[in-house]
Amino acid sequence: MEILNLKDKINFLEEVAELEYDEWADNKKENRTIRIGNKINRIKKLMLDKNFCKLILIDNNELIGFISIFPNDCEEEKDLSPWYATMYVKEKYRGRGYSKMLNDAIIKEAFNRGFEKLYLKTDLENYYEKFGAQYIKKLSSGEKLYYIKTK
């Protein structure tokens with residue numbers, strides 16, 4: 001089991017983009033192939049930003065899950081950066097502590113990059129608090145805004 005930067009294992013990029021589409025696509029009526037291609041291009045472009053990171057969890061060359069740091073992830077709070085985003089564990093691997101592994105890795109990565117906190121928005125109830133998320137406010141989208149300290 002290892003956690004690596006997607007930049008160093010780019011062969012997993014298409015699978016990550018497909019999983020992100022399946023989990024978070026706003027408009028699933030659009031062409032899936034085109035949307036995934038666009039997603040791949042956006043991730044490649046984001047990889048050039050020093051405030052972006054996507055870590056992947058791999059076991060025996062199989063993708064288990066991923067998590068990211070984004071420079072921006074909220075239209076309503078554009079001044080806040082960076083953002084804790086896209087925590088995902090494949091359904092068949094859930095309930096095994098992999099989300100905690102990903103969380104710990106992204107917090108460590110953020111700390112190593114000099115970030116004191118990460119911001120997070122979610123509609124999940126009582127989930128990210130177990131990782132240390134502190135509530136800030138409710139956003140107009142209905143999602144809750146949190147921050148997580150890196151130290």
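Being modelled with pLDDT of 95 or more and closer than 23 Å to Y147 by Cβ holds for only one residue in L55, L46, and it is L55.
Of everything in segment 1-40 that's without any contact (Cβ under 8 Å) to a residue 12 or more places away in the chain and touching a helix residue (DSSP H, G or I) at 6+ places or on another chain (Cβ under 7 Å), which residue is nearest to M87 (Cα to Cα)? Out of the qualifying residues, it is A25.
The set of residues in segment 74-117 that are within 14 Å of K144 (Cα to Cα) and either surrounded by 19 or more Cβ atoms within 10 Å (Cβ to Cβ) or in contact with a helix residue (DSSP H, G or I) (Cβ under 8 Å, 6 or more places away or on another chain) (or both) comprises C74, W83, Y84, A85. The single condition among (1) in contact with a Ser or Thr (Cβ under 9 Å, 6 or more places away or on another chain); (2) not in a loop (DSSP other than H, G, I, E, B) that N72 does not satisfy is (2).
Rundown of residues vs (1) within 15 Å of the chain's Cα centre (by Cα); (2) assigned to a strand (DSSP E or B), yes/no style:
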{"site": "K100", "(1), (2)": "yes, no"}
{"site": "F111", "(1), (2)": "no, no"}
{"site": "L118", "(1), (2)": "yes, yes"}
{"site": "K130", "(1), (2)": "no, no"}
{"site": "I136", "(1), (2)": "no, yes"}
{"site": "S140", "(1), (2)": "no, no"}
{"site": "I148", "(1), (2)": "yes, yes"}
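Among the residues making up segment 1-22, those that are in a helix (DSSP H, G or I), open to solvent by 90 Å² or more (accessible area, probe 1.4 Å) and of a type outside the set (S, T, N, Q) are K7, D8, E14.
The values are calculated or read from the model by the stated rules, or taken from the named source; none is laboratory data. It should be emphasised that the depicted structure is a prediction, and the values quoted were computed from it without experimental measurement. Here Cβ is always computed from backbone atoms with ideal geometry, including for glycine, and neighbour counts include all displayed protein chains. The protein model used for the area step is the full one, side chains on, heavy atoms only, and it has no ligands, DNA or RNA in it. Shrake-Rupley method; radii C 1.70, N 1.55, O 1.52, S 1.80 Å.
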